[in-house]
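First up is the structure itself, then whatever we jot down about it.
The numbers here are math on the coordinates, done by the rules we state, and not lab data. In this text the structure is predicted, and so the values were computed from the model without any measurement. Here the Cβ positions follow ideal geometry from the backbone for every residue, glycine too, while neighbour counts run over all protein chains shown.
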Amino acid sequence: MVKVEELVISRSQNKCELCGSPQGISMYDVPPKSVRSQNNCIMVCGKCHAQIEKREEPDSKHLQFLTASMWSEVPGIQIVSWRLLNRLRHEAWAFDSLDMLYLDDQTLEWAKATGDHLGDATADLHKDAFGNVLTTGDTVLITQSLNVKGASVNAKVGTQVKNIRLVPDNPGQIEGKIEGQLIVILTKYVRKQNV
């Protein structure tokens, strides 16, 4: 029996099924399906994956490929295209594309299931006090003396926190170790080092 991964890789011809880039492609399972199939898995490049997951600011210029990918016969590609177009519906080209795109009732229900279409393209990025995007592994400096609740640690201005981790689902918080203790730090009190 042929594996889903092999079928999807063969279908994609080792390219992103959204923008066509051959760089850094990987399998993406289109939520909220629970069983993997070639209809709900697509190959995407790193840039498209970051756009889908809202891990970087929306890149309307890059996402212009949606005017072509929306015509795919693969439901997963149609759904991701529809969701991304909905995020950009304030732009004329995306609005016009959505107006032309037809999804059957079952596919449309699947596309709406995550509620992603209700929001806009705003990415919920972890940013420091100066607007610099933070990523896991960064080093930050504390910009204001902080008393840490439930710990004997006092984080002073200028304290360096290495190898931070982003708190999932809360772009206003990161985790880092100060004096050997793992603490949660508000991003508004840090500055990314070496920016």
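Report the chymotrypsin sites (Phe, Trp or Tyr not before Pro) located in segment 22-104 that are in a DSSP loop and have at most 14 other Cβ atoms inside 10 Å of their Cβ, or state none.
TRP71, TYR102
Averaged over every viewing direction, what's the projected area of the C-alpha convex hull for segment 4-118? Give it in nm², one decimal, please.
6.6 nm²
Going highest first, how would you order 127-140, 2-15 by mean Cβ packing within 10 Å?
Order by mean packing, descending: 127-140, 2-15.
Run through all the Cα pairs of the chain and give the fraction in each 10 Å bin from 0, expressed as whole percent.
9, 30, 25, 19, 13, 4, 0
By how many degrees, 0 to 90 and rounded to 10, does the Cα axis of helix 75-87 deviate from the longest principal axis of the chain?
In the chain, helix 75-87 runs at an angle near 50 degrees to the longest axis.
List the relative contact order of the chain as a percent without decimals, with contacts defined as Cα pairs under 8 Å and 6+ residues apart.
15 percent
From the convex hull of the Cα coordinates of segment 140-192, what is the mean projected area in square nanometres?
3.3 nm²
Which number do you get for Rg(Cα) / (2.2 N^0.38 Å) in segment 74-116?
1.07
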